[in-house]
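Have a look at the structure below before the remarks.
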There are 2 protein chains.
Amino acid sequence: MNIAQRLGYSENSKLLIIHADDAGLSHSHNRATIKCLQAGLVNSYSIMVPCPWYYEIALFAKSNPNFDCGIHLTLTCEWKNYRFGPVTPISEVPSLIDKDGYFYKTRAELKANAKPEHVAKELNAQIQKALLFGLKPTHLDVHMYSVGAHQAFFEIYRALGATYNLPLMINEQLIEMTGLDAKKNIKHDDVVTQKVLIGNFDIFTNGTLYDYYSKAVEQVVPGLNVLLIHPAYNDSEMQGITVNHPNFGGEWRQVDLDFFSDPKNMSQFENEDIHLVTWKELKVLL
Amino acid sequence: MNIAQRLGYSENSKLLIIHADDAGLSHSHNRATIKCLQAGLVNSYSIMVPCPWYYEIALFAKSNPNFDCGIHLTLTCEWKNYRFGPVTPISEVPSLIDKDGYFYKTRAELKANAKPEHVAKELNAQIQKALLFGLKPTHLDVHMYSVGAHQAFFEIYRALGATYNLPLMINEQLIEMTGLDAKKNIKHDDVVTQKVLIGNFDIFTNGTLYDYYSKAVEQVVPGLNVLLIHPAYNDSEMQGITVNHPNFGGEWRQVDLDFFSDPKNMSQFENEDIHLVTWKELKVLL
């Protein structure tokens, strides 16, 4: 039986999670994420524990347990002037930080420097910090899919899923994007995300990102699909964070917010072919 | 000889530093501080090392050494949803943090909980972090004057001034505000700030803060004066930080920015009675 069948749907059913990444990154992100959740177009999100605005979104998550909320495991910080680092004391995970004490900007630098034992310690600490605060994460996923930087990191990710009994975002396209071998890293009983739907830089620069979202439903395939978005206001805070980084920059994120906070855009997903599911429901598959 | 005379001015000279606190707190604060410095109305500022936007303002400070720049030593975080904590691993300074791992909101909580050895360790670590990054601080001052929470903390502050050979913000009115005995804590060879000019909540709520600044020069007394401001944009980031905290909130900070970024407001300070000085110049008194 495939995932759909195991959840009680027919064999060729199309399951969809509309997921907002990067909550906690900024106040702008928190406000936008909450707006999209409340508008009903986003049914799942995940929080970056090491980020400056973590506390604000953690308060929201704690008092709104109805929304699916995961931990967006974080080992990289891609921004020029806005830097953050491990929740673990840096003296205990020195291989995860650059000379200024912050996370590396890229998966390549992470791969070149990070020791697996430090990766394991830090990712576990992020989950522990959230649990200690009283959060009840529904899943684990990964910022910039950095666990794909190294085979050993991916195995740590997998082990965390087992330890905490949480579904993981595991997807062939994301794994291959990082350079790891997808065949080797996907097991037959994994809760695999068949297809990740996400905008790309060409679509954004062409000015067709909103249009891409409006037709996203056409790309949904039988099995589990995750539509990944990063809603935020393109305000001065977000412009400061994403300066010199138009890829997933403030303008891009504003499009995500515009589309996924407008209830009239929900209609495409309200058809009998599409079943909106949550990670919470997927947990029964573990 | 008094401070003015030791700097080569006549006995009754009025020396003035126009000082922007809280740089590093937010992107909004950084942009506003830089605007005021560049407008020429602020001639000194200080950076909060533990804050999320520290890195951005530290980059600015490093490439703009012409501006007086101190370390705004930080032991408290007064905000509801925006929290930060020590730069030292929290396991090494557990008495400085609340149950969620962040600085206490008030001097009273700090006084009730903080151990002097943790205060000393953390404040030293903030200075070390700035030095390691290549900053050359011109002075030390204190967020919420929290070193006044306890006699032992004040002595740590004084010792840091001696260790790093930096002038300290020492002022009777600030010391007494914290409840310490000013007479006991001011020594005859200290570089004492005779008068601190700062708005208060009544002035702000009366809507007369801008007016207060426009007449600030009238309050300047013979000796060393520091006009303390907190410039920031009252944007969504700053509103998020200062939510439920109108005292020194976003609106207040916008007034500071409006006044101190407008070059025409400089004229009151450009008279022969007032000598604008910097902490850099005061260092010769140590």
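The values are calculated or read from the model by the stated rules, or taken from the named source; none is laboratory data. Model, not experiment: these values are computed from the prediction. Note that we place each Cβ from the backbone using ideal geometry, even for glycine, and neighbour counts take in every protein chain shown.
Observations on the structure shown:
- Test: residue in the stretch B:95-106 that is away from chain A (no Cβ under 14 Å), among the hydroxyl-bearing types (Ser, Thr, Tyr) and surrounded by fewer than 17 Cβ atoms within 10 Å (Cβ to Cβ): yes
- Just one of (1) assigned to a helix (DSSP H, G or I); (2) free of Cβ contacts under 8 Å to residues at least 60 places away in the same chain; (3) within 13 Å of chain B (Cβ to nearest Cβ); (4) closer than 26 Å to B:Phe133 by Cβ fails for A:Gln126. It is (2).
- For the stretch B:17-45, the candidate set comprises residues that are among the small types (Gly, Ala, Ser), in contact with a Ser or Thr (Cβ under 9 Å, 6 or more places away or on another chain) and more than 15 Å from A:Asn81 (Cβ to Cβ); within that set, the residue that is surrounded by the most Cβ atoms within 10 Å (Cβ to Cβ) is B:Ala32.
- Candidate set: the stretch A:39-81, residues that are among the aromatic types (Phe, Trp, Tyr) and under 19 Å from A:Phe133 (Cβ atoms); chosen: the one nearest to the other protein chains (Cβ to nearest Cβ): A:Tyr55
- Being away from every other protein chain (no Cβ under 14 Å) and at pLDDT below 95 holds for only one residue in A:His139, A:His188, and it is A:His188.
- Answer from A:Ser10, A:Ser26 - the residue that is within 11 Å of another protein chain (Cβ to nearest Cβ) and either in contact with a strand residue (DSSP E or B) (Cβ under 7 Å, 6 or more places away or on another chain) or not β-branched (Val, Ile, Thr) (or both): A:Ser26
- You will find that of B:Gly148, B:Gly161, the residue that is touching a strand residue (DSSP E or B) at 6+ places or on another chain (Cβ under 7 Å) and either small (Gly, Ala, Ser) or in a strand (DSSP E or B) (or both) is B:Gly161 and no other.
- Residue in the stretch B:129-143 that is charged (D, E, K, R) and part of a helix (DSSP H, G or I) present: yes
- Hey, A:Asn244 exposed (fewer than 15 other Cβ atoms within 10 Å of the Cβ) and either on the phi > 0 side of the Ramachandran plot or polar (S, T, N, Q) (or both) or not: yes
- Across the stretch B:106-139, the number of residues qualifying as basic (Lys, Arg) and either under 17 Å from the mean Cα position of the chain (by Cα) or within 17 Å of B:Lys62 (Cβ to Cβ) (or both) comes to 3.
- B:Ala232 touching a helix residue (DSSP H, G or I) at 6+ places or on another chain (Cβ under 8 Å), hydrophobic (A, V, I, L, M, F, W, C), within 30 Å of B:Gly161 (Cα to Cα) and within 14 Å of another protein chain (Cβ to nearest Cβ): yes
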